[in-house]
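Working notes, beginning with the structure itself.
The values are calculated or read from the model by the stated rules, or taken from the named source; none is laboratory data. The model shown is predicted, which means the values in this text are computed figures rather than measured ones. FYI the Cβ positions are ideal-geometry reconstructions off the backbone, even for glycines, and counts take in every protein chain you see.
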Amino acid sequence: MATLLLAMFAVNFSSCSSDSEKLEDLITGQLLGKWVIVSSTDFDYPKGNEFEFQKGGKLIYHYYLGDDDCRTRIHKWEIKKGMLKISDSEEDVNHHYDPDQYTEGTVTFADDTATYNYIWYDAGEFSDKDYTVVLQKI
């Protein structure tokens, strides 16, 4: 039901910038917080890892290299025209910063889950494969 409502909002709000901002605020409000990946078609974002969406566009990605070895990466995120974009952050000094590499796609919500359907972009080019990550709020 929430997915249907979000889709209706996307159609109704696409006509002017103030409506687009309302949609962006709606998605942002639902996305803020910590999520665990419960399924994924992308090996870069495997099951069990976590996304922490923070205000101001900061995203902390918690990934595990073993049972007790948790590492973090800092990303940026934004919502524009109903699309979620996740990109590298220059704030992450421990990893190579590539401003041209990012994911972008739709996010839908149902109860305590979010489904992100996206494509990888790199230097203006895009992959020909769609990826899906299903997140559960924790």
Practice prompt. Evaluate the following for I119: is it more than 30 Å from S18 (Cβ to Cβ) and free of Cβ contacts under 8 Å to residues at least 40 places away in the same chain?
Written response: no
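Quick check on my filter: what residues within the range 46-71 are of a type in the set (S, T, Y) and at pLDDT 90 or above?
Hits for the range 46-71 are Y61, Y63.
Of E91, E104, which residue is among the acidic types (D, E) and at pLDDT below 90?
E91
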Response to the item:
Taking the range 35-85 and keeping residues in a loop (DSSP other than H, G, I, E, B), aromatic (F, W, Y) and surrounded by 15 or more Cβ atoms within 10 Å (Cβ to Cβ) leaves Y45
Discussion item. Taking the conditions exactly as written (surrounded by fewer than 14 Cβ atoms within 10 Å (Cβ to Cβ), of a type in the set (A, V, I, L, M, F, W, C) and modelled with pLDDT of 90 or more), does L32 satisfy them or not?
Written reply: yes
Fill in: Selection from the range 44-94 of residues that are closer than 30 Å to D19 by Cβ and among the hydroxyl-bearing types (S, T, Y)
S87, S89
Worksheet item: Which residue pairs have Cβ atoms under 6 Å apart, sit 6 or more places apart or on different chains, and have a first residue in the range 11-33 that is closer than 13 Å to T106 by Cα and a second that is at pLDDT 70 or above and surrounded by 13 or more Cβ atoms within 10 Å (Cβ to Cβ)?
Response: L23/G82; E24/I79; I27/I79; T28/I79; L31/F53
Item to complete: Please state which one of Y116, Y97, Y63 is under 14 Å from L31 (Cα atoms) and out of contact with any Cys (no Cβ under 7 Å at 6 or more places or on another chain).
Response: Y116
